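First the structure, in the form of structure tokens, and then the observations on it.
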Amino acid sequence: MKLSLENLAVAFSDPQGGLLPALGPVSLAVGEDEFVCLIGPSGCGKTTLIRVLAGLQAPTSGIALCDGVPIARPMRGFAIMFQEANLMPWRTVLDNIALPLEVAGVPAANRYKTVRALLPLLQLENFDQAYPAELSGGMAQRVALGRVMVQEPQVWLLDEPFGALDALTREKLSLELLQLRSRTTQIIIMVTHNISEAVLLADRVIVLSPRPGRLVADVRVDLPRPRFPEMIYERDFLRLAKRIRASIDEISG
């Protein structure tokens with residue numbers, strides 16, 4: 001599978017009836033089994049790019065493609081996760097994770113069996129009957145991540161999924177995502193503001209300019225896998241982090 005953007009741009013209407021450029025033009029290709037992090041200043045169009053790929057936002061010009069087919073609506077095999085967990089408060093952990101399977105018409109016995117097999121990977125096996133109000137922020141995000149995983153998507157679109165969490169919980173979930181990543185071959189595109197997180201997780205880090213976001217750097221992360229937190233102190237890790245920081249500083253003036 002391959003995703004590509006070809007001279008893609010998005011603009012929104014302003015109160016005066018004109019157009020406010022938000023993103024692009026951007027041209028970008030992401031191949032099968034790539035983990036790509038998007039990083040850049042707030043408001044540079046990272047979330048807009050994710051929404052275009054998810055089929056939730058139409059481009060103003062240019063095109064987004066999946067294997068050469070235009071992305072004009074939400075596509076089968078794509079799953080999106082936002083910064084907020086957006087769990088249904090009246091549903092248990094088990095039922096929140098099972099929701100996509102329920103919508104797809106999977107019988108209850110089958111969907112619960114699938115979810116229960118997934119719970120140990122998410123470290124939620126003892127919380128299957130808990131409600132969102134009983135969960136910590138990190139646990140709620142693991143439920144949201146499980147809701148993505150249970151769909152077995154070919155494309156994961158993660159819009160700063162750990163941004164609302166404290167630093168320690170964020171690091172813990174990043175490590176869990178690394179472990180889950182080792183078991184998958186999907187395309188993952190993730191928005192983050194954290195340079196170290198991007199270098200630790202990604203195969204490539206895409207740096208976008210201030211609005212309207214344009215591609216200013218495409219940094220290949222040539223660190224070996226599996227990766228571990230201790231790598232953030234190594235020379236090669238610091239070299240990559242400094243390169244990304246320099247790209248951001250350059251566009252920030």
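Data overview
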item: Residue, nearest to Leu118 (Cα to Cα), within segment 76-94, restricted to residues that are assigned to a loop (DSSP other than H, G, I, E, B) and free of Cβ contacts under 8 Å to residues at least 40 places away in the same chain; result: Thr92
item: Residues (among the hydroxyl-bearing types (Ser, Thr, Tyr) and either closer than 16 Å to Arg181 by Cβ or in contact (Cβ under 8 Å) with a residue 40 or more places away in the chain (or both)) located in segment 123-162; result: Tyr131
item: All helices (runs of 4 or more DSSP H) inside segment 159-253 with 1 or more residues being in contact with a Ser or Thr (Cβ under 7 Å, 6 or more places away or on another chain); result: 195-201, 235-252
item: Within segment 16-66, considering residues that are hydroxyl-bearing (Ser, Thr, Tyr) and in a strand (DSSP E or B), the one farthest from Asn194 (Cα to Cα); result: Ser61
item: Of residues in segment 37-64 being in contact with an Asp or Glu (Cβ under 7 Å, 6 or more places away or on another chain) and closer than 28 Å to Asp222 by Cα, the one surrounded by the most Cβ atoms within 10 Å (Cβ to Cβ); result: Ile50
item: Qualifying residue in segment 75-88 (condition: under 20 Å from Phe12 (Cα atoms), buried (at least 18 other Cβ atoms within 10 Å of the Cβ) and in contact with a strand residue (DSSP E or B) (Cβ under 7 Å, 6 or more places away or on another chain)); result: no
item: Hey, Thr184 of a type outside the set (A, V, I, L, M, F, W, C), touching a strand residue (DSSP E or B) at 6+ places or on another chain (Cβ under 8 Å) and either modelled with pLDDT under 80 or closer than 22 Å to Leu238 by Cβ (or both) or not; result: no
item: All positions within segment 126-145 that are loosely packed, with under 13 Cβ neighbours inside 10 Å and within 10 Å of Leu94 (Cα to Cα); result: Gln129
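The values are calculated or read from the model by the stated rules, or taken from the named source; none is laboratory data. Bear in mind the structure is a predicted one, so any value in this text is a computation, not a measurement. Virtual Cβ from ideal backbone geometry, glycine too; neighbours counted across all protein chains shown.
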